[in-house]
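Written out below as C-alpha cells is the structure these notes cover.
The values are calculated or read from the model by the stated rules, or taken from the named source; none is laboratory data. Small disclaimer: the values here were computed from a predicted structure and weren't measured. Glycine also receives a Cβ, built like all others from the backbone with ideal geometry; neighbour counts cover every protein chain displayed. Please note that ligands, DNA and RNA were not included when accessible areas were found on the heavy atoms of the full protein model with its side chains. Shrake-Rupley method; radii C 1.70, N 1.55, O 1.52, S 1.80 Å.
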Amino acid sequence: MTERVQFFFDPMCPYAYQTSVWIRDVRDQVGLDITWRFFSLEEVNRVEGKKHPWERPWSYGWGQMRVGSLIRRELGNDELDRWYAIVGSAFFNDGVKTHVPAVHEEVLRANAFDATLVERAIADPTTIDDVRAEHEHAAVTYGAHGVPTIVFESGDPVYGPVVVPAPTGKDAIALWELVRSMPRFPHLYELRRPKTHADLVHVAEQFNTYLTTRDWNTVENPAP
C-alpha cells in the first residue's frame, strides 16, 4: 500500500526546498503519495506591528503560494509539485528572483505554465483564503511552527528533517526510515545536532545562492 504524507512548505525556505528534494528521491524509490501544503514563514516570523502577509498586494512567499493555490485548484496536486520543484530550483540553484511577480511569470512561461496565473492569483481573493486556511490548519492542528513539516497518514507531524544538502539514494532511504519512526515516540519533541562553526560555514556555502538572491533579512521568532 502506498504511504501517504502531507508536506507543508514555504517556497522561500531553503531548508524546506532541500527536504523536498530528499522526499522526492524517497518517493521515486518507495512510491510515496505526497500532498503539498502551504505554510507561511512570513506570518509566523512577523514582527509585531507589521502587516500580515495576507494584507499586502504581494508578499515574497505568500504571493507565490497564492499562485501555487491556483495551480492546484485548476491543474491538481501533481502540477503543484512540478511548480514547486521548478520555482525552488530557479530560486535556490539558479538565483532567479521568483518572488518578483514579473520574474515569476517568466519562470511559468518557460516551463509550460500559463503566465497569467500570477495576475489571476493576485486578482482572486480566494487564493488568500486557501493559503491562510492551510497555514492556520497546520498551526492549530499540528502545532506547526516552521517548515518543512511532514504529516504522516496517522496524523502524526514531524518538523524536519533539516538537512543540507539533500541526501539521495540509499542515504535518502536511511533518513526516511529514521523520520518515519518518530510517531513511535509521541513525546519525543526534539532531537538535534548542535552546529559548530564549521557547520555554519557549510550551511552558508550551501545556501550562497539563496543568501545573494533574497531581497529580505531573515527574521526567526522563537519556536514554542
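Cut-off under 18 Å on the C-alpha distance; same-chain residues fewer than 8 positions from LYS50 excluded. Which aspartates and glutamates are left, in chain and number order?
Those aspartates and glutamates meeting the cut-off are GLU42, ASP215, GLU220.
Could you please state how large a percent of the accessible area of segment 1-120 is carbon and sulfur, counting protein chains only and using a 1.4 Å probe? Mind dumping the intermediate values first?
Numbers: 2460 of 5000 Å².
Roughly 49 percent, rounded to a whole number.
If the elastic network links every pair of Cα atoms under 10 Å, which of HIS99, HIS145, HIS52 fluctuates the most in the Gaussian network model of the chain?
HIS52
How long are the three semi-axes of the equivalent ellipsoid for segment 124-224, computed from the Cα gyration tensor as the root of 5 times each eigenvalue, in whole Å, largest first?
25, 23, 14
Could you give the accessible area per residue of segment 93-163, probe 1.4 Å, as a whole number in Å²?
Computed with neighbouring chains in place, this is 47 Å² per residue.
Sort 122-129, 9-16, 183-190, 21-28 by packing, meaning the average of other beta carbons within 10 Å per residue, with the highest value first.
Per-residue Cβ counts within 10 Å, averaged per peptide and sorted highest first, yield 9-16, 21-28, 122-129, 183-190.
In the chain, which whole DSSP H runs stretch at least 20 Å along their own axis (Cα) and average -0.5 or higher on the Kyte-Doolittle scale?
60-75
Students often forget the sequence filter, so: which lysines lie under 28 Å Cα-Cα from LYS51 once same-chain residues fewer than 8 apart are removed?
Straight-line reach from LYS51, under 28 Å: LYS97.
Mind checking which lysines have their Cα closer than 26 Å to the Cα of LYS195? Skip sequence neighbours fewer than 8 apart in that chain.
The reachable lysines, counting only those whose Cα sits under 26 Å from LYS195, are LYS170.
About the Cα centre, and with charges only on the beta carbon of Lys, Arg (+1) and Asp, Glu (-1), how big is the dipole of segment 5-101? Nearest 20 debye, please.
I would put it at about 300 debye.
For segment 1-121, calculate the relative contact order in percent as a whole number, restricting contacts to Cα pairs under 8 Å that are 6 or more residues apart.
Dividing the mean separation by the residue count of segment 1-121 yields 22 percent.
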